[in-house]
Amino acid sequence: GDGVFIASMSTGNSVRDNTSNNNSRDGIELGGPFASGGQSFPGASGNTVSANSAHGNADYDGADRTPGCGSNTWTGDSFGTVNQSCVQ
């Protein structure tokens, strides 16, 4: 459903110069923290998302599921909708 998805617990990835339009979920998503089997797992961290374009996706064009984007960096992207202000 997502155009580009970086899973929870993923670190140090670079997502650059992609176009992701009209997907059934998010255009570009970084996964957030979650709990499973009584354990807690961190969200994606230390990732850089830059110079991407996403529009017309069903949920958000740019979405970072880690509160406050954590240590992820979003810069120079062109998104129609985002899930928090740190996604730019």
Post the alpha-carbon centroid distance, region 1-51 to region 67-88, in whole angstrom.
11
Using only alpha carbon positions, build the gyration tensor of region 41-87, then give the equivalent ellipsoid semi-axes as the square roots of 5 times its eigenvalues, largest first, whole angstrom.
18, 12, 8
Which of the three applies to region 1-45, rounded, prolate or oblate, going by the alpha-carbon gyration tensor with a ≥ b ≥ c and a/c under 1.5 meaning rounded?
oblate
Per residue solvent-accessible surface (Å²) - region 5-87, probe of 1.4 Å:
49
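The values are calculated or read from the model by the stated rules, or taken from the named source; none is laboratory data. Because the structure is a prediction, the values reported are computed rather than measured. Accessible surface is based on the protein model in full, side chains and every heavy atom, while ligands, DNA and RNA are left aside. Shrake-Rupley method; radii C 1.70, N 1.55, O 1.52, S 1.80 Å.
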